[in-house]
1. Hey, does segment 109-132 have a residue that's closer than 30 Å to Ile81 by Cα, touching a His at 6+ places or on another chain (Cβ under 8 Å) and within 16 Å of ligand 3 (Cβ to nearest atom)?
2. Between a first residue in segment 5-16 that is under 18 Å from Leu150 (Cβ atoms) and a second residue that is part of a strand (DSSP E or B) and of a type in the set (Phe, Trp, Tyr), which pairs have beta carbons less than 6 Å apart while being 6 or more apart in sequence or on different chains?
3. Out of curiosity, is Ala59 among the hydrophobic types (A, V, I, L, M, F, W, C), surrounded by fewer than 20 Cβ atoms within 10 Å (Cβ to Cβ) and free of Cβ contacts under 8 Å to residues at least 24 places away in the same chain?
4. Is it fair to say Val72 is assigned to a loop (DSSP other than H, G, I, E, B) and either over 15 Å from the mean Cα position of the chain (by Cα) or closer than 28 Å to Tyr154 by Cβ (or both)?
5. Looking for whichever is touching a helix residue (DSSP H, G or I) at 6+ places or on another chain (Cβ under 9 Å), without any contact (Cβ under 8 Å) to a residue 60 or more places away in the chain and acidic (Asp, Glu) here; the options are Asp180, Asp140, Asp93. Which one fits?
6. If I ask for residues that are within 10 Å of ligand 1 (Cβ to nearest atom), in contact with a Phe, Trp or Tyr (Cβ under 9 Å, 6 or more places away or on another chain) and not in a helix (DSSP H, G or I), which ones from segment 89-146 would you list?
Amino acid sequence: MADKLKDAKIVFVVGGPGSGKGTQCEKIVAKYGYTHLSSGDLLRAEVASGSERGKQLQAIMQKGELVPLDTVLDMIKEAMIAKADVSKGYLIDGYPREVKQGEEFEKKIGAPALLLYVDAKAETMVKRLMKRGETSGRADDNEETIKKRLDLYYKATEPVIAYYEKRGIVRKINSELPVDEVFAIVEKAIDELK
Ligand SMILES: Nc1ccn([C@@H]2O[C@H](COP(=O)(O)OP(=O)(O)OP(=O)(O)O)[C@@H](O)[C@H]2O)c(=O)n1
Ligand SMILES: Nc1nc2c(ncn2[C@@H]2O[C@H](COP(=O)(O)OP(=O)(O)O)[C@@H](O)[C@H]2O)c(=O)[nH]1
Ligand SMILES: [Mg+2]
């Protein structure tokens, strides 16, 4: 099964909550036809299905904590395999959240060619999430959970960036700029891949 993914072009999209990962991924999809897999969206779909597993996930996500590694990884892998015949490449958005998640991904699926590090100040991220929370309907877009998500990001996810920097595949994107200017930097990084 995993053979299907052997030569897949894989891009990790990493950054704090509200940094603009999803926004940039949409633009990459429109221009390059990559398959966008947001780990958070996959988890929210499971919650929305009302399954027993979904109920457990909801409780964890509402607290801003990380769901068990295998759960997310299995979902991503399944979704990747489903698109393997048509996909030009994969944007893995919001994953890995910790170094261990990256290691397991590489064992079970493959190595990333690029890590897009979407970088914004904490203050900017909080502002964007509070604004998004007005309309997103997301249970975790509230002040208390946002704070926990940020803390966990700095503690668990920033080390992921250092880990891949040693391999020379990190491209840091300043997402304080307007969306289109951010995308101009993103395009350069994606173009280098071809
Ligand atoms: N690999 C992942 C991805 C997501 N989550 C859970 O799903 C929640 C929402 O994830 P995501 O949508 O990626 O949220 P953020 O990164 O906070 O940012 P955004 O929604 O703004 O993209 C996280 O807080 C966490 O509880 C997780 O445990 N493991
Ligand atoms: N000003 C500005 N706002 C942005 C930018 N990128 C995203 N946003 C806004 O910030 C919020 C969070 O963006 P999203 O893509 O969901 O971020 P994610 O949490 O990293 O996936 C959204 O409401 C966007 O409209 C950007 O580059 N500039
Ligand atoms: Mg997102």
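Coordinate-derived values only; no laboratory data. Everything numeric here is computed off the predicted structure, so don't read it as measured data. In this analysis, Cβ positions are derived from the backbone assuming ideal geometry, glycine residues included, and neighbour counts consider all displayed protein chains.
1. Within segment 109-132, none of the residues are closer than 30 Å to Ile81 by Cα, touching a His at 6+ places or on another chain (Cβ under 8 Å) and within 16 Å of ligand 3 (Cβ to nearest atom).
2. Short answer, once both residue conditions are applied: Val14/Tyr117.
3. yes
4. Working: assigned to a loop (DSSP other than H, G, I, E, B): no; either over 15 Å from the mean Cα position of the chain (by Cα) or closer than 28 Å to Tyr154 by Cβ (or both): yes.
No: the conditions fail for Val72.
5. Asp180
6. Across segment 89-146, the qualifying residues are Ile92, Asp93, Tyr95, Pro96, Arg97.
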